Amino acid sequence: MKTLGYRVITDDIDSGDWNGLTAQQSEQRFQQAGTSGNGHIPLMHEVYASTVNTLVPWLITWAKQNNLRLVTVAECLGDAGGAYTTPTVAATSTC
């Protein structure tokens, strides 16, 4: 993929929603991961009501309370086109 100009993107926090974890158990995973470093890419699934109705609103609030920015992967990579390919302009931040 790299030779084609693509970047491989993967998560670093698995909410576990797919494996039956409750929203509260998923929240603990985020809290344990913390707010330091270059940010996180979570794995969450919109097909689970508890993820959509409980975890996502909690995560947005938690991120704001901890002065974290929620961005798209494309924004994180500095790829305005959003194709996750090598950007034409160097990214100015890391995620």
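Of the numbered criteria (1) open to solvent by 70 Å² or more (accessible area, probe 1.4 Å); (2) among the hydroxyl-bearing types (Ser, Thr, Tyr); (3) farther than 15 Å from Ile13 by Cβ, the one Thr54 fails is (1).
Of everything listed in (1) in a loop (DSSP other than H, G, I, E, B); (2) under 15 Å from the mean Cα position of the chain (by Cα), the single unmet condition for Asp79 is (2).
I'd like the full set of residues that are of a type in the set (Ser, Thr, Tyr) and open to solvent by less than 70 Å² (accessible area, probe 1.4 Å), limited to segment 29-43. The answer is Thr35, and nothing else. One residue stands out among those in segment 5-28 that are without any contact (Cβ under 8 Å) to a residue 24 or more places away in the chain and aliphatic (A, V, I, L, M): the one that is least open to solvent (accessible area, probe 1.4 Å), which is Leu21.
Count of segment 1-20 residues, restricted to those that are modelled with pLDDT of 85 or more and either closer than 10 Å to Tyr48 by Cβ or in a strand (DSSP E or B) (or both), is 6.
Restricting attention to segment 58-76, the residues that are in a helix (DSSP H, G or I) and open to solvent by 60 Å² or more (accessible area, probe 1.4 Å) add up to 5.
The values are calculated or read from the model by the stated rules, or taken from the named source; none is laboratory data. It should be emphasised that the depicted structure is a prediction, and the values quoted were computed from it without experimental measurement. No Cβ is skipped: glycine too gets one built from the backbone with ideal geometry, and neighbour counts run over all protein chains shown. Only protein heavy atoms, including side chains, enter the accessible area calculation; ligands, DNA and RNA are left aside. Shrake-Rupley method; radii C 1.70, N 1.55, O 1.52, S 1.80 Å.
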